[in-house]
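A.B. asks: Encoded as structure tokens, here's the structure I'll be asking about.
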Amino acid sequence: MEILVFILAGGEGSELGVLTSHRAKTAVPFGGRYRIIDFCLSNCVNSGITDICVLAQYNPRSLIEHIGMGKPWDLDRKTGGIYILQPSHHGRVAEWYRGTAEALLQNVEIISDSDAELVLVLSGDQVYRMNYREMAEEHLSHSRPVTLACRKVSEGQEQRLGMVDIDGNGLIKDLREKPKVCRYRNASLGIYLFNREFLLDALTHDTVDIVFDIIKPAIGDGMISSFIFENYWEDIGSVDTYY
């Protein structure tokens, strides 16, 4: 199956202070020679996915220089490969991406022109190792148009993550974004897999945020499956989590 990937890599990352004073959070060095975005790039290539769009915005120079033509990941190819996309005017005044869904909307022609059956949307500022093909296979087995990667988290993590309620059939019944108190123990990892046609229909001029404008309405319609991820995962949302 063909999968088109969008990596959300434009965040300012002000919570990391001086580390992101002149670079995007996804381009912050990690482990000496690497950058944070290397995790999802390596996950894609090791999953056999080589059609990747990186949505850049804030201070992108360091990110662009690091990725280049994608040669370290064998992504410098004539078909597919990696593309770094920034906000463009499309015949009107150029504006920054107002949100995650609007970033996809500004590049919707890439989705509509693609032959891929599925569109995978990733956050570029997370540390984990995942085979996205396994997620895609489980997605197809549920016959629902959206799958959300989830993971059990320890008590006390609720206030920095989106918490989800999952029934016995893997259907997501509810999502609460960074609640103060929550009985749910599974968190959304910000890894979304969409049927291409569903995503095209969902991206309208009113969509700004993936969670609030696409995911939450789809949950209400019983359209989102969960993919339980049991290995290490961390969102780089603070200096403490970075370390």
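The values are calculated or read from the model by the stated rules, or taken from the named source; none is laboratory data. Everything quoted here is computed from the prediction, not taken from an experiment. All Cβ positions, even for glycine, are placed from backbone atoms using ideal geometry, and neighbour counts span all protein chains on display. Ligands, DNA and RNA are excluded from the accessible area calculation, which covers all protein heavy atoms including side chains. Shrake-Rupley method; radii C 1.70, N 1.55, O 1.52, S 1.80 Å.
A.B. asks: Long-range amide H contacts for Phe6: which residues qualify at under 5 Å (H placed 1.01 Å from N, peptide plane, sequence gap of 5 or more or a different chain)?
C.D. replies: Here Cys53, Leu120, Val121, Leu122 satisfy the definition.
A.B. asks: Give the residue from Ala27, Ile214, Ile172 lying farthest towards the positive end of the charge dipole for the chain; charges sit on Cβ (+1 for Lys and Arg, -1 for Asp and Glu) and the dipole is referred to the Cα centre.
C.D. replies: Ala27
A.B. asks: Accessible area per residue of region 162-243 at 1.4 Å probe, in Å²?
C.D. replies: Accessible area per residue: 50 Å².
A.B. asks: Per residue and in cubic angstrom, what volume does the convex hull of the Cα atoms of region 120-177 have?
C.D. replies: Spread over its residues, the Cα hull of region 120-177 gives 116 Å³ apiece.
A.B. asks: Please say if region 14-105 is rounded, prolate or oblate, where rounded means a/c under 1.5 for a ≥ b ≥ c the square roots of the C-alpha gyration tensor eigenvalues, and otherwise the choice is prolate for a/b larger than b/c and oblate otherwise?
C.D. replies: oblate
A.B. asks: Size of the dipole of the chain about the Cα centre, Lys and Arg at +1 and Asp and Glu at -1 on the beta carbon, nothing else charged, in debye to 20?
C.D. replies: 620 debye
A.B. asks: Per residue, how big is the convex hull of region 52-200 when only Cα atoms are used? Give it in Å³.
C.D. replies: 156 Å³
A.B. asks: Then there is this: Please report, as a whole percent, how much of the solvent-accessible surface of the chain comes from carbon and sulfur atoms (probe radius 1.4 Å).
C.D. replies: Within the chain, the accessible surface is 47 percent carbon and sulfur.
A.B. asks: What 222 nm value per residue comes from the helices of the chain, counting each DSSP H run with n ≥ 4 as -39,500 (n - 2.57) and dividing by all residues, nearest 500 deg cm²/dmol?
C.D. replies: The per-residue figure over the chain is -6000 deg cm²/dmol.
A.B. asks: If amide H atoms are built 1.01 Å from N in the plane of the peptide, which residues on other chains or at least 5 residues away come under 5 Å of the amide H of Lys173?
C.D. replies: Asp165, Ile166, Asp167
A.B. asks: Excluding Asp38 itself, calculate the net charge of residues whose Cβ lies under 12 Å from the Cβ of Asp38, where each Lys or Arg counts +1 and each Asp or Glu counts -1.
C.D. replies: Result for the neighbourhood of Asp38: +2.
A.B. asks: Now for a different question. Using the Kirkwood formula over every pair of different C-alpha atoms, what hydrodynamic radius in Å results for region 129-238?
C.D. replies: Value: 14.3 Å, from the Cα pair sum.
A.B. asks: Antiparallel DSSP bridges in the chain: what percent, to the nearest 5?
C.D. replies: Close to 55 percent.
A.B. asks: Could you tell me which GluC sites (Glu not before Pro) in region 1-58 are loop residues by DSSP with no more than 14 other beta carbons within 10 angstrom of their beta carbon?
C.D. replies: Glu2, Glu12
A.B. asks: Given charges of +1 on the Cβ of Lys and Arg and -1 on the Cβ of Asp and Glu, with all other atoms neutral, how large is the dipole of region 70-182 about its Cα centre, in debye to the nearest 20?
C.D. replies: For region 70-182, the charge dipole is close to 320 debye.
A.B. asks: Also, quick follow-up: Suppose every Lys and Arg Cβ carries +1 and every Asp and Glu Cβ carries -1, with no other charges. What dipole size does region 1-87 come out with about its Cα centre, to the nearest 20 debye?
C.D. replies: Using Cβ point charges on Lys, Arg, Asp and Glu, region 1-87 gives about 220 debye.
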